[in-house]
Amino acid sequence: EMGPEERVKFARLNIDPATIMWNRVLDMNDRFLRKATIGQSPTEKNMTRETKWDITVASEIMAVLALSTSLADLKARIGRIVVANSRDNVPVTIDDLGVTGACTALMKEALKPTLMQTLEGSPVLVHAGPFANIAHGNSSIIADQMALRLVGEDGFVCTEAGFGTDIGGEKFFDIKCRYSGLKPNAAVLVCTVRALKMHGGGPAVTPGGKLAPEYCQENLELLEKGLAHLTKQIENVQQFGVPCVVAVNRFHTDTDAELELVCQHA
């Protein structure tokens, strides 16, 4: 038999509205939605509070979708998501709200990767994309497993870990590989001459603004200074015990001498 305190906890979650952390998501470029006040209708009396909208890739649902290996696994992960705290500072989960099944049903079709292709005609499975600065920054485990099965023993699969080697790459090894049980045969580190020049102390780059001449003309001295950054990222990859292949994403302003310098250094 439950005591008085247990009966209260069973019947009432007693959520503290100020601690609600499970935000609405919307893929729209509107900075005013980063903070908003809701509950101002006459029918929502005493329910006014400040909240905000996140973009979809910043949602915890996106992060758990990418790490799930089945519908049952997705349901279990969704159920464990903490949405708020009670007034007694006890975490409240989606399971506590009793909506785990409904959330999973909404995500049922999203669990299936989308088949697309590159400009060269190679098949691509596009699935999930959580931010690496607040999540793990990797595409889904299910897409990797499906791709490996489709290519067979003689094929190969290239999967993306975004947001830079020092975030998405390390989280790929530390989080995604541990959950999936998959071990990569190699890691491809993508760089550009332009980015290496910036790491070498080049002028600031403003989105939408005109690029400085240093980025559009040959500048081996500036590029060489930035190669220290490439060296460190190669060292980061090698710490995980896999070979590192450096790929240069070429721009039309890159010169042969600049590309040769990067290749020799790598």
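Tell me, yes or no, whether the stretch 168-184 has at least one residue that is within 25 Å of Leu227 (Cα to Cα) and among the hydrophobic types (A, V, I, L, M, F, W, C). Yes, the conditions are met somewhere in the stretch 168-184. Per this entry, Thr159 is counted among residues that are of a type in the set (Val, Ile, Thr), assigned to a loop (DSSP other than H, G, I, E, B) and either under 25 Å from Pro130 (Cβ atoms) or open to solvent by 90 Å² or more (accessible area, probe 1.4 Å) (or both). Of the residues making up the stretch 3-27, just one is exposed (fewer than 10 other Cβ atoms within 10 Å of the Cβ) and either in contact with a Cys (Cβ under 9 Å, 6 or more places away or on another chain) or among the aliphatic types (A, V, I, L, M) (or both), namely Ala11.
For beta carbons closer than 6 Å, sequence separation of 6+ or different chains, a first residue in the stretch 239-259 that is in contact (Cβ under 8 Å) with a residue 40 or more places away in the chain and a second that is open to solvent by 40 Å² or more (accessible area, probe 1.4 Å) and small (Gly, Ala, Ser), the qualifying pairs are Val242/Ala186; Pro243/Ala186; Val245/Ala186; Val246/Ala266.
When each of Ala257, Ala228, Ala247 is tested for being in a helix (DSSP H, G or I), closer than 30 Å to Cys177 by Cβ, open to solvent by 30 Å² or more (accessible area, probe 1.4 Å) and at pLDDT 95 or above, the lone residue that passes is Ala228.
Within the stretch 139-156, the set of residues being free of Cβ contacts under 8 Å to residues at least 40 places away in the same chain, surrounded by 15 or more Cβ atoms within 10 Å (Cβ to Cβ) and hydrophobic (A, V, I, L, M, F, W, C) comprises Ala143, Met146, Ala147, Leu148.
The values are calculated or read from the model by the stated rules, or taken from the named source; none is laboratory data. Bear in mind the structure is a predicted one, so any value in this text is a computation, not a measurement. We place every Cβ from the backbone using ideal geometry, glycine too, and count neighbours over all the protein chains shown. With ligands, DNA and RNA removed, areas are computed over all heavy atoms of the protein, side chains included. Shrake-Rupley method; radii C 1.70, N 1.55, O 1.52, S 1.80 Å.
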